[in-house]
Amino acid sequence: MIVFDKLWITMKNKGFSTYKLREECGIDSKTIRRLKANENIETKTIDKLCLALNCRVEDIIEYKK
């Protein structure tokens with residue numbers, strides 16, 4: 001299972017809110033709800049997150065059995 005627990009930690013460390021993701025990065029609230037529920041998202045969303053947060057994929061995503 002892919003989980004986004006690290007995303008919220010990285011966002012907090014970099015001073016990013018979900019509001020900032022929506023307004024400045026073009027990530028809609030539906031996608032944010034999907035991230036919070038660890039549901040499927042598109043790879044282009046992962047790209048947007050990494051670009052906005054200036055981080056690597058492993059800083060926001062983790063695989064758990």
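The values are calculated or read from the model by the stated rules, or taken from the named source; none is laboratory data. This structure is a prediction, so every number in the text was calculated from the model and none was measured. Quick reminder, even Gly has a Cβ in these numbers, built from the backbone with ideal geometry, and neighbours come from all protein chains shown. Side chains included, ligands, DNA and RNA excluded: accessible areas come from the protein's heavy atoms. Shrake-Rupley method; radii C 1.70, N 1.55, O 1.52, S 1.80 Å.
Points to keep in mind about this one:
- Helices (runs of 4 or more DSSP H) contained entirely in the chain, each with at least 3 residues that are surrounded by 14 or more Cβ atoms within 10 Å (Cβ to Cβ) and at pLDDT below 95: 18-25, 43-53
- Failed item, numbered, when N13 is tested on (1) touching a residue at least 12 places away in the same chain (Cβ under 8 Å); (2) more than 10 Å from the chain's Cα centre (by Cα): (1)
- Figure legend. Inter-residue proximity from region 47-65: first residues within 16 Å of F16 (Cβ to Cβ), second residues open to solvent by 90 Å² or more (accessible area, probe 1.4 Å) and outside any helix (DSSP H, G or I), beta-carbon distance below 8 Å, spacing 6+ or different chains. Indicated pairs: C50/R56; L53/K14; N54/K14; C55/K14.
- Every pair of residues 6+ apart whose Cβ atoms lie under 7 Å, when the first sits in region 25-42 and is under 18 Å from L53 (Cβ atoms) while the second is small (G, A, S): C25/A52
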